[in-house]
Every structure is written in structure tokens, then in C-alpha cells.
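Trainee: Below is the structure I would like to discuss, written out as C-alpha cells.
The values are calculated or read from the model by the stated rules, or taken from the named source; none is laboratory data. Predicted model, so just to flag it, every value in this text is computed and none were measured. Methodologically, a virtual Cβ is constructed for each residue, glycine included, from the backbone with ideal geometry; neighbour enumeration extends over all protein chains shown. Remember, those area values only see protein heavy atoms, side chains included, never the ligands or the DNA or RNA. Shrake-Rupley method; radii C 1.70, N 1.55, O 1.52, S 1.80 Å.
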Amino acid sequence: MDNRNKQIIREMSLNKNSVFIDGGAHKGEELAYLSEIGCEVHSFEINPYHIERLQNEYSKYQNININHCALWVENADIDVYYKKTHMHASMSTEACKHNIDINNKISVKAIDISEYILSLNKKISVLKMDIEGGEYKVINHLIKTKVIDKIEKIYFEDHENKMLKNDEGDEWRREKKQVLKLMKNYPGKFKKWH
């Protein structure tokens, strides 16, 4: 994990009683540090290559739960796209990103994150989302379902600079603008991940 991410996690003041949801675990960059803290972690990753490695490396930790599914707004099978660079990179639910290969996709299981959080029946210390463009859809869903009130802090990455300048990209930007207005009702809850 790079020093910037490690510093962000340090500033979260997590402890053994904390609950951390890791949306977009990728290679597990944060999991090693979180395993040392001992907090309860619920990690989500969709890339088959990464999930196999994460399960092999972190299944020995009782405090880390690895979920091979997309952190999403509904329980469904959804299409996700590989990046143009290589198949071991992050994957995206958003077909309007300029760095994805629209012809190279797979179907993965997605879970409704609001239902998942309610099933835990716990206050969530941190929800981290680096889900390659789906962040605003999930935030909107958390607000609509009022599950946002069960989360202390949400760290998320904004992928607007990767969105195409076409109808789909414009729709993504309109949704982002609407969600940003809703987010103003929750001062101090949202922080940038990168």
C-alpha cells in the first residue's frame, strides 16, 4: 500500500471494534494494514484474478471477509468490463469509461450494499469505495434507503476524468451532479479516497 493510503487509513482512527467495508479491494493493498489493526473488514472485488489471490492470502484472518461480488445497488448479475490495458487491472460497471474494453466483459454477482449493511446489524465505521465509476450510484442508493445513517464516514474515488464525452458519459455526469446536491445534506460524512 502506498504511503498516501496508509496515512488516510491512520487518520480514520480504526481499532478492533471498527467495521470497515472495502469496495473495490483490487490487489488488497489496504487489507494487510487493516489485518494488523484487527478491525472487522468486509471486502468486495470482482476481478477473478484478484479474488483468487485475496482469498488465498486473507482467508486465514477471522476479521476479514472476502466477497467475490460487486458492491452495488441491487442483488443481480451485472456486466463488468476489463480495462484496455490488461486483464489484471481494475474492472468497471460503467461502459462509458474511455479506458475500458467494451468488447471484453464478464457477468458477475452484485449485492445490494444497503441490504448487506442492514444484515450486519452494526454501525459501519468506514465505507471505502473505489469501484471504478459506480460510486455515485451507490451513494444515491444509500441515501434513498436511509442506510447512509448507519455509516460514519464514506471515502470514495471520483472517476469523472475517465468518462467519455458521449450520451452515456453525459448521463453519468448528470447523475453525479444530482447526487452531489444530496450529499450536501451530510456534512463531514464524505471524503475523497484519492
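Trainee: Give the residues of segment 167-186 that are among the basic types (Lys, Arg), over 20 Å from the mean Cα position of the chain (by Cα) and over 13 Å from Lys137 (Cβ atoms), sorted by residue number. Give the steps one after another, and end with the answer.
Mentor: Start the filter on segment 167-186 by keeping residues that are among the basic types (Lys, Arg), which leaves 173-174, 176-177, 181, 184.
Keeping just the survivors that are over 20 Å from the mean Cα position of the chain (by Cα) gives 174, 181, 184.
Those that are among the basic types (Lys, Arg), over 20 Å from the mean Cα position of the chain (by Cα) and over 13 Å from Lys137 (Cβ atoms): Lys181, Lys184.
Trainee: Hey, among the residues in segment 23-36 that are surrounded by 17 or more Cβ atoms within 10 Å (Cβ to Cβ) and among the aliphatic types (A, V, I, L, M), which one's farthest from Lys137 (Cα to Cα)?
Mentor: Looking at the filtered set, the residue picked out is Leu34.
Trainee: Anything in segment 158-181 that is open to solvent by less than 50 Å² (accessible area, probe 1.4 Å), assigned to a loop (DSSP other than H, G, I, E, B) and among the charged types (D, E, K, R)? List them, or say none.
Mentor: Selection gives Asp158 alone.
Trainee: Only one of these is over 17 Å from Glu45 (Cα atoms), surrounded by 15 or more Cβ atoms within 10 Å (Cβ to Cβ) and touching a residue at least 60 places away in the same chain (Cβ under 8 Å): Ile143, Ile124, Ile148. Name it.
Mentor: When all the criteria are applied, what remains is Ile124.
Trainee: Could you tell me whether Leu71 is modelled with pLDDT of 90 or more, surrounded by 21 or more Cβ atoms within 10 Å (Cβ to Cβ) and part of a helix (DSSP H, G or I)?
Mentor: Working: modelled with pLDDT of 90 or more: yes; surrounded by 21 or more Cβ atoms within 10 Å (Cβ to Cβ): yes; part of a helix (DSSP H, G or I): no.
Against the criterion (modelled with pLDDT of 90 or more, surrounded by 21 or more Cβ atoms within 10 Å (Cβ to Cβ) and part of a helix (DSSP H, G or I)), Leu71 does not qualify.
Trainee: Then there is this: What is the number of the single condition among (1) under 22 Å from Lys122 (Cβ atoms); (2) touching a residue at least 60 places away in the same chain (Cβ under 8 Å); (3) not in a strand (DSSP E or B) that Ile46 does not meet?
Mentor: (1)
Trainee: Go through (1) in contact with a strand residue (DSSP E or B) (Cβ under 6 Å, 6 or more places away or on another chain); (2) part of a helix (DSSP H, G or I) for Ile51 and report which single condition fails.
Mentor: So the condition that Ile51 fails would be (1).
Trainee: Among the numbered conditions (1) open to solvent by 10 Å² or more (accessible area, probe 1.4 Å); (2) in contact with an Asp or Glu (Cβ under 8 Å, 6 or more places away or on another chain); (3) at positive phi, tell me where Lys189 comes up short.
Mentor: (3)
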